[in-house]
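**Student:** For reference, the structure I am asking about is given below.
Derivation of every value follows stated rules applied to the coordinates shown; laboratory data play no part. Computed from a predicted model, the values in this text were never measured in an experiment. Backbone-built Cβ (ideal geometry, glycine too); neighbour counts: all protein chains shown.
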Amino acid sequence: MKRILIFLSITFALSWAYVFAVVYPLANSSIFQSSSMMVTLAIGAVMFVPAIGVVLTRLVTQEGFRNCVIKPYPWKQSLPWFLVAWFGPSLLIAFGTVVYFLLFPGDLDPQASSFAALLENQAVSAGMELELPNVVVLAVAQIAMGIFLGPLLNIATTFGEEWGWRGYLMPKLANRMSIIPTLLISGVVWGLWHAPITALGHNYGLDYPGWPVTGVLAMCCFCVVCGIFLSYVTIRTGSCLAAALGHGAINALAGASTIFAVAGVSPFVGPAPTGIIGGCGLILVAAAMLLDLRRREKRGDLKVPEAGAN
């Protein structure tokens, strides 16, 4: 437990200090308010901190770097689950999107007008004159790139988080408690870690009742669901690289479902996967994965990778 507390103290302290000292001033600066790119890059940098927390914890506690939960099991065993990590989130996000638009057909915008307006605003902010091709074609191309390349392109930053959450915290907790509280606690911790940027508008915006508390609570629920999926592929492959791919896929496709939505839809409902309906595919599969892990635990054949020393 000592190593867990040291890891969490380092990770939260460094992350929150960086967000409040760097990200908040950038977000509130009149110089950068017209350009969200700088703020987005600044937020992205905090994803490396959990990995830094792992390194510092292993050094401070003299734990060393054995059992890093990076090298996967033999490929015959782990490859199918790497594919699940790569393509599973896309399929589940697509499922939730379809369910949402079936329930709320009035929110569907086949012309992707909001997406077109966003591209035009970005071009104006950059001082460019942009003649847009067919917006629908461009949107489909962006979604396809997110599905096939997004997980790999995002892995540099998502590994920074996943070596900490699924490659260190989750195995450490699993060594001390059963799998259900392990995944619930690690998911809530992950969600609370996001609290400062959630309050800044990340995922849920700013204009909602109960800001920022309801946004933080919703983020904790979302992180529990995603954390179960990412922990499952980590357990099945023995490597947090699978979680990094899955996390990269979620990040790449999280905004895709809103491309064909009218402006003003609720991130708490959908079609984004942060919503309870937009995320229904992830929720259902996470529940099935949790039950499967619990069954394996009861049978005595659940093998959670070890992270460092016990």
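**Student:** Need one number: nm distance between label points at V55 and R294, each 7 Å from Cα along Cα→Cβ, rounded to one decimal.
**Tutor:** The answer from the label model is 3.9 nm.
**Student:** Taking the Cβ-Cβ separation of W211 and L284 as r and a Förster radius of 30 Å, what is the calculated FRET efficiency to the nearest 0.05?
**Tutor:** Efficiency, from the Cβ-Cβ distance: 0.55.
**Student:** Calculated FRET efficiency, R176 and L79, Cβ-Cβ r, R0 41 Å, to nearest 0.05?
**Tutor:** 0.85
**Student:** Taking R0 as 30 Å, what FRET efficiency do you get between I185 and A117 from their Cβ-Cβ distance, rounded to the nearest 0.05?
**Tutor:** Efficiency computed from Cβ-Cβ geometry: 0.15.
**Student:** Against the longest principal axis of the chain, how steep is helix 179-193, in degrees 0 to 90 to the nearest 10, with axes from Cα atoms?
**Tutor:** Helix 179-193 sits roughly 50 degrees off the main axis of the chain.
**Student:** Under the rule of -39500 (n - 2.57) per DSSP H run of 4 or more residues, summed and divided by the residues of the chain, what mean residue ellipticity at 222 nm is obtained, to the nearest 500 deg cm²/dmol?
**Tutor:** Here the helix-only value at 222 nm equals -20500 deg cm²/dmol.
**Student:** Same structure, new question: On C-alpha positions alone, give me the angle between the axis of helix 135-148 and the longest principal axis of the chain, in degrees, nearest 10.
**Tutor:** Computed tilt is about 10 degrees.
**Student:** Quick check: the distance between the Cα centres of region 269-310 and region 19-92, to the nearest angstrom?
**Tutor:** When both Cα centres are located, 20 Å separates them.
**Student:** What's the longest piece of the chain with no exposed GluC sites (Glu not before Pro), counting a site as exposed if DSSP puts it in a loop and it has at most 11 other beta carbons within 10 Å?
**Tutor:** My reading of the result: 132-310 is the longest stretch.
**Student:** Pop a pseudo-label 7 angstrom from the Cα along the beta-carbon direction at both W16 and L108 and give the gap in nm to one decimal.
**Tutor:** 4.4 nm
**Student:** Next question. Could you work out how far the C-alpha centroid of region 143-162 sits from that of region 221-259, in angstrom?
**Tutor:** If you average the Cα positions of each part, the centres end up 10 Å apart.
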